[in-house]
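The values are calculated or read from the model by the stated rules, or taken from the named source; none is laboratory data. Computed from a predicted model, the values in this text were never measured in an experiment. Here the Cβ positions follow ideal geometry from the backbone for every residue, glycine too, while neighbour counts run over all protein chains shown.
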Amino acid sequence: MAASIKDVAREARVSIATVSRVLNNIDVVNDDTKQRVKEAIEKLGYRPNIVARSLKTQRTRTVGIIVPDISNQFYPEIVRGAEDVANIYEYNVMLCNTDLDKEKEIEYIRIMKEKMADGIIYMSSSLDEDVLKLFDELKLPAILVENIDPSGKLASVTIDNEKAAYDGVSYLISKGNKKIAYIGSDKEGKNLSAKRYSGYEKALKEKKIKLAEDRVAFTGSKAKDGFDAVSRMLEKTEIDAVFCTGDEIAMGVINALRERGIKVPEQVDVMGFDNIYLSSIFYPKLTTVAQPMYDMGSVGMRMLIKKISGNEPEEKSYVLEHQIIERNSCK
């Protein structure tokens, strides 16, 4: 039979209230008594009743992490950073995968509230108005990672996506490329892909390179999407470089070019985005715009725990640095 808090109090020769104070790190118990209680807990193998404690404190020491596609290597590294910080502060993590489905996102947020999660880290390449309204309605502490709330109500951790894309396309231009294709997701709405497309447009405009619509494709984020997009593009136009809004897209692009006997980077430069692990072992190794994925997760979780504790983060929006990683897919 599992040990109870009464058993711990009897073993340590203290009151139940004293055991409770030790468990909740209330600093009114002297060190000798605290040590006796901890030894009794260890000896008896006592584990606190989380449900009972939650009903009393309205805290579960559980946080939710919502990701759009856990099979995309970009997200697990963010989750790892968030979970490492959660472990330091003794929080448990519930992970939810939405498959880029808005209805799933809304359902998971409601479930988190019902399960009494103390807060949520929310990741999505888009940011729907209904989702923002739901966070406001449920009064559930939340931090955005990867995107920014235009209203400024929710704090966030991201990079400057427009600047990152601008830097990436400028890099391709510096290599002498003028027929630069863009492959990414929808440019409409309040999402990071729209910002990356703006960066692409800005770089071309600054260098007085005409934007050709037949060199632009809006698609999904998988390798197959990149493969199909550039295959259709090559039937209509010539390209000398491709800027992709994800590394997996870039890998699909390279495979499609290779099937057509087009050499990368000798004939066409290809740049990815994110710097997932596969980009460093794919052939050719991928030149990419790196996001600090682990740091995005760890900073986001620290912000969330601070918010749960009743303190607003010092900064409403943390913008972390991106970096161009030069490898072998560009000249």
TODO: Assess whether TYR89 counts as being within 18 Å of ASP295 (Cα to Cα) and surrounded by fewer than 19 Cβ atoms within 10 Å (Cβ to Cβ).
DONE: yes
Task: Qualifying positions in region 277-302 - under 21 Å from VAL85 (Cα atoms) and in a loop (DSSP other than H, G, I, E, B) - done: GLN291, PRO292
Task: Top-ranked residue in region 215-247 [being in a helix (DSSP H, G or I) and acidic (Asp, Glu); ranked as surrounded by the most Cβ atoms within 10 Å (Cβ to Cβ)] - done: ASP247
TODO: Please tell me if LYS316 is among the basic types (Lys, Arg) and touching a Leu at 6+ places or on another chain (Cβ under 9 Å).
DONE: yes
Open item on the list: Just to verify a result, which residue in region 35-50, among those that are free of Cβ contacts under 8 Å to residues at least 24 places away in the same chain and over 25 Å from ASP118 (Cβ atoms), is surrounded by the fewest Cβ atoms within 10 Å (Cβ to Cβ)?
Closed with: GLU42
Open item on the list: So for region 201-209 (the condition being in contact with a strand residue (DSSP E or B) (Cβ under 9 Å, 6 or more places away or on another chain), modelled with pLDDT of 95 or more and closer than 30 Å to ALA142 by Cβ), does at least one residue qualify?
Closed with: no
